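Have a look at the structure below before the remarks.
What follows draws every value from the coordinates through simple rules; no lab data is involved. None of these values were measured; they are calculated from a predicted model. Positions of Cβ are backbone-derived with ideal geometry, glycine not excepted, and every protein chain shown enters the neighbour counts.
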Amino acid sequence: MEKMTEEQVRTIANMLRKRSLWMIHYCTGCGAMELPPTMTSRYDMERFGMSPYVTPRQCDILLVTGYLNVKTLRRLITVYEQMLDPKYVIGFGSCTLNGGVYWDSYAVIKRLDRYIPVDVYIAGCMPRPEAVMSAFKHLMELIDSGKANGYKLYKKNLAYYKENQRKVLG
Amino acid sequence: MNNISVDTLIKVIVLTPFVGGLLAFIGGKIHRWIRFLIAIVFSFASVFETFMLYNVSIGNIHWGSLFGSELVFQTNPITWLFLFIVTGMSALIVLFSIGDMEEDKMKLDSYYMHLLFVEGAMAGIVLAGDLITFFIFWEIMSWTSYFLVIYGGKKSLDAGYKYIIMSVIGAYAMFIAMALLYGKAHSLVYADVANVLATSSPSFTIWVVVLLAIGLFVKAAVMPLHTWLPDAHSEAPSPVSPLLSGVLIKMGAYGLFIVLYAFLTVNLAGKIMPKVFSTPVLLYIIQWLAGLSIVLATFLAIMQEDAKRLLAYSSISQIGYVVLGIATATSLGVAGGLFHALNHAIFKGLLFLAVGSVIYRTGTRNLSELGGLVKKMPFTFVALLVGIIALAGVPPMSGFVSKWMIYEALLQKKEVFLLIMAFVGSTGAFLYVYRLVHSIFLGQLPQKYENVKDVPIIMQIPMWVLAILTMVFGVMPGIAMDVIVKGIEFFGFKPIAYTLYGFPAGTAMGSLKVINIVSVLMIAFIASWIFFLLFSKTRKVSQYDNYAAGQVVTPELKYNYSFGFYMSFGRVIKPIFKWSIERVYNYWVDACKIFGDYYMRRVYTGNLGTYNSYILIVVTIAAAAILLGGKLW
Amino acid sequence: MVIEKVLMAVGAPLIAFAIGLSFIMLKRKVVPRIQRRYGPPVIQPIYDVLKLLLKEENISHGIIFSLGPIIAVAGSILAVFFIPMGGWNMLSGSADLIALLYIMAIGSLGMALGAGDSANPNASIGISRALTLMFGYDLPLVIIVISVALYYNTTSLPDIIAAQAHGNWTAWALPLAAIVGFIVVYGALGEHPFDIITAPHEVATGPMVEYGGKHLGLLMINHAFHIYLEIALFVDLFLGGGSNLLEFYVKMFVVFFIMIFFDSVFPRFRIDDAVRFYWKWPAIIALVNLVIVLVR
């Protein structure tokens, strides 16, 4: 039996991971309305191998759909830390980019990237299912080329992320 | 051993525990270590003597006479089997008691004395060769175990009261049967009784057997005479429960075996009664009572919240299996029933000892307060796990083989409804058995048990011995089958073919070879473990890092599903709980009380004149009876 | 001779796994077609299992937690050897039909132990429901197993299969038992009227709630074995086993195909409704069948 090198194992692992991404069915905000159309028969998401699962222990992708209060951020960080490596985060909707419609609110987080590393952003105030699926395709390309390493960044810059979290959450 | 005759050996076996008990009581007054030492020495001496008695079958060892009937001892392989259970379990329980019962909480002077007396009484019961000896030792066993039960605390007084009253009522039934037999035969040795029953009218025989059975069933807790058991076994102190539940109940089963197959042999039963499904009617009724016992006790056990009550109801269920097996009059069934008696003593003792250890360390036996103790008490967990696998009847532990034998025997006789009830009871056992291990050992560890350690060595040794015995009998049932098959041959059954590891084809409707099951399981386990280890390593997380939809789990939050574990199942079987035998007994008691109150006031009027007339009337009648007695009849 | 035995010992679980996996793949393709969409590619389950096994980090709550899936897989592999597989009676002489019912329970009990150690009430609720459901479907299952054993007057599986040769299957002789057996296999597999065990929306996938990574991969492998075991038992008892592997596979395929259609249209029972359902009509039909067998 030939011994496989690290490179080959990683290539195969990436191929597997991009073919069967499991997302957590965790609806944070109003953007979650766009998930059922993506999952059901018309814009079927399951043909890419993606399917919703329930607990953070079982899935790979965390979809942050919509705005984030401080209250929700606390729970979200717990969920993110309970997921198993390798994990990817997709920021869904404009609220994760720069605050969206709540850009001058005191209770909403403006930039998600300061608290959790985000791999792919989807712009739009409700992105359509086609946009969601093209974002998934983009994520799969990132995984293939090895650039989707948000989780490694989280571990490396833990102090930075924790500092930001503590500033906001108290 | 030829230099000690069997005669003396048997008398020594019966006397050793009594002597030991008295010495322990006296020695305990001097210093408590002497009491422990004497208890250990004498109980282990009994075990040693039992081993010397192996493979001996002899009857009629005379030791006295009473009312013109001889008092004899006897022994045969079935006696040896039960003697082994009695002495072995008592020795282990003495060890456990030394660790568990603490001196300052209660006065323990007579505890060891009563423990050894119970052992002696039970040895006397199984070695008895005639009914008077049996009855004498039966009564000694009843009241010494009553004294043991009431050591448990305040609630155990009520429980013990119910226990002794029902035992006495059963003993009266047996006494009436003995009086009837004595009137006919003038001797109560087993062989004479069998002769008398063979030659008397069928109704007499049936009456005698039914009365004896009532007395035995009170002790063996077959429904509907079981109501004393949950209270007595759960309120008794921790080392006493295994003795009661593992060994005492078997005396009822042993008595049933003697009544059915030494007095009323199978051929006789077939001649005097009609047969249903090729079983005599009386035996069929006994089987149905046992079957009801199995199913209803299982349902009750599933809904319990208290660890020892759960195990007590489970005892009722398992002794139903034993009685079911014994009342099937085929060799496979009787062998299965006796083997299950042996297995039940071992694994129920193991379970009660493990639960007793948990109570010793945590002080509570309420299942909704415990949890997560697997990290703190790993040895107790392994012991409980072995007991649970045996109780559920899953290979590779010993409960599987005995239950298999009972099922096969029932299937051979085409008694399918009883077989269905037995199966349902066994599957129900999965439910309450899992409840026990989950609520005590798995789940979240409450904060107040952070400092719990495992039990001391002297309490662990009995659990290890019993666990190893269970595994040995599970993988190699042939060892126990040696003794059992010789025993049932002695009573006239056809022998059954067996090998060291199971049963070849032809004995039952299928074949069984346990070693294959066990070895493939081991190999499959190792293979999947190696497969598991091939991938990346696991890291340990604390129990608070848990899925709660994002909420952080803190120690104050009770994140454990412990109360009402089978509430949904309870909704399904709620119609069954509408009636209960206990209420029937309470109605009867109340009725007697009302009846008694009414007439008591009439008789004891407090009027001196009435009392004088009572005396006059009674003296007149007595004088008339003495003077005219000879002439009138 | 020894080489043959070793080949059989290694090959039988692999073939069972392959059959179970093919059924999962079939289901992943047929159910989306019923729902008028394309499903994932056919080999999606292999991607899923391999992705789970190759996760970079796994967590565990203790030794019993990790042992749960291992014992589940070991128990399933153990049971594979005792069910005749299309002409191969591997170890069926050592355990008859009654012992087989207990052997099939070893895996789920080990899994229950492991899931209980999750320290999560969702897992405990899931296990309590799984055990209650097992208690529910065991009553009709036991009745039909006894009626089949009485009908053929033996409890050894190879004999039962041999007695069904040449097309006189049990399904024609005892049709009521076959129908009840079909309903019971639903409950045993956790298919849709009875998938209360891992209801994702109610109990957060029940026992699997804290399992991730390679533990979950092992559980999926166990699920494949479990499908094989249940359907193989049904085919052996009622459809005459199979004299060679192809015939066996075809019969199992047909049975599972019919099951997929029932599976995709039913909603979920509540757990006490499921137990009441099993104890009412399937039990009554099975009892009627048993009385017929007794009287004959």
What's the local net charge at B:PRO224, with K and R +1, D and E -1, over the other residues with C-beta under 15 Å away? +2
Rank-order B:245-254, B:463-472 by packing density, defined as the average count of other C-beta atoms within 10 Å over each peptide's residues, highest first. B:245-254, B:463-472
When only Cα pairs under 8 Å and 6 or more residues apart are kept, what is the percent relative contact order across the range A:22-169? 23 percent
Selection from B:LEU212, B:LEU243, B:LEU300 lying farthest towards where the dipole of the range B:191-313 points positive, charges on Cβ: B:LEU212
Dipole of the protein assembly as shown, Cα-centred, from +1 at each Lys and Arg C-beta and -1 at each Asp and Glu C-beta, to the nearest 20 debye? 2040 debye
Using a Gaussian network model on chain C with a 10 Å cutoff between Cα atoms, which of C:GLY68, C:GLY136, C:GLY93 fluctuates the most? C:GLY93
Near the amide H of B:LEU71, under 5 Å away, which other amide H atoms are found, from residues 5 or more places off or on another chain, if H is placed in the peptide plane? B:TRP63, B:GLY64, B:SER65, B:LEU66
Neighbour counts of other C-beta atoms within 10 Å: give me A:ASP119, B:ASP482 arranged from fewest to most. B:ASP482, A:ASP119
Return the FRET efficiency for the residue pair A:VAL168, B:TYR544: r is the Cβ-Cβ distance, R0 is 25 Å, and the value is rounded to the nearest 0.05. 0.60
Theoretical FRET efficiency, 1/(1+(r/R0)^6), r = Cβ-Cβ of B:SER613 and B:TYR161, R0 41 Å, to 0.05: 0.65
Backbone HN-Hα couplings from phi across the range A:126-136 [Karplus 6.51/-1.76/1.60, Hz, Gly and Pro as x]: 6, x, 6, x, 5, 5, 4, 6, 6, 5, 4
At the level of C-alpha centres, the distance separating the range B:360-407 and the range B:590-626, in angstrom, is 58 Å
Ignoring everything except DSSP H segments at least 4 long, calculate the 222 nm mean residue ellipticity for chain B; use -39,500 (n - 2.57) per segment, divide by total residues, nearest 500. -23000 deg cm²/dmol
Packing-based exposure ordering (other Cβ within 10 Å, fewest first) of B:VAL552, B:VAL520: B:VAL552, B:VAL520
Quantify how strongly other chains surround peptide C:97-107 by giving the mean number of their Cβ atoms within 10 Å of each of its Cβ atoms. 6
For each of A:TYR160, C:TYR151, C:TYR211, count neighbouring Cβ atoms within 10 Å of the residue's Cβ, then give the residues from fewest to most. A:TYR160, C:TYR151, C:TYR211
Which of the aspartates and glutamates could be linked to A:LYS155 by a straight reach, that is with a Cα gap under 20 Å, when you skip same-chain ones fewer than 8 residues away? A:ASP60, A:GLU81, A:ASP85, A:ASP113, A:ASP119, A:GLU163, B:ASP545, C:GLU56, C:GLU57
Using the Karplus curve 6.51 cos²θ - 1.76 cosθ + 1.60 with θ = phi - 60°, what ³J(HN,Hα) values do you get for each residue of the range C:268-284, in whole Hz, with x for Gly and Pro? 9, 7, 6, 5, 6, 5, 5, 5, 5, 4, 5, 7, 9, 5, x, 5, 5
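Please give the peptides C:34-43, B:486-495 ranked by average Cβ packing (other Cβ atoms within 10 Å per residue), highest first, as a rough proxy for protection.
Details: C:34-43: 14.6, B:486-495: 16.2.
Descending packing order for the listed peptides: B:486-495, C:34-43.
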Here the whole-number average of other chain Cβ atoms within 10 Å per Cβ of A:9-18 is 3
Summing -39500 (n - 2.57) over every DSSP H run of at least 4 residues in chain C and dividing by its residue count gives a helix-only mean residue ellipticity at 222 nm, to the nearest 500 deg cm²/dmol, of -23500 deg cm²/dmol
Cβ-Cβ FRET estimate between B:LYS578 and B:PHE531, R0 fixed at 60 Å, reported to 0.05: 0.70
Would you mind checking the pairs A:LYS18/A:LYS152; A:LYS87/C:LYS29; B:LYS250/B:LYS486; A:LYS110/C:LYS51 and listing those with alpha carbons more than 29 angstrom apart? A:LYS110/C:LYS51
Using θ = phi - 60° and the Karplus form 6.51 cos²θ - 1.76 cosθ + 1.60, what ³J(HN,Hα) does each residue of the range A:5-17 get, whole Hz, x for Gly and Pro? 7, 4, 4, 5, 4, 5, 5, 5, 4, 5, 4, 5, 5
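Need one value for A:52-63: mean number of C-beta atoms belonging to other chains within 10 Å of its residues' C-beta atoms.
Numbers: counts 1, 6, 13, 14, 5, 15, 12, 1, 4, 0, 0, 0.
The per-residue average across the peptide is 6.
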By the mean-Cβ-within-10 Å protection proxy, highest first, A:127-138, B:222-233 rank as B:222-233, A:127-138
Chain A, helix-only ellipticity at 222 nm - DSSP H runs n ≥ 4, -39,500 (n - 2.57), divided by all residues, nearest 500: -12500 deg cm²/dmol
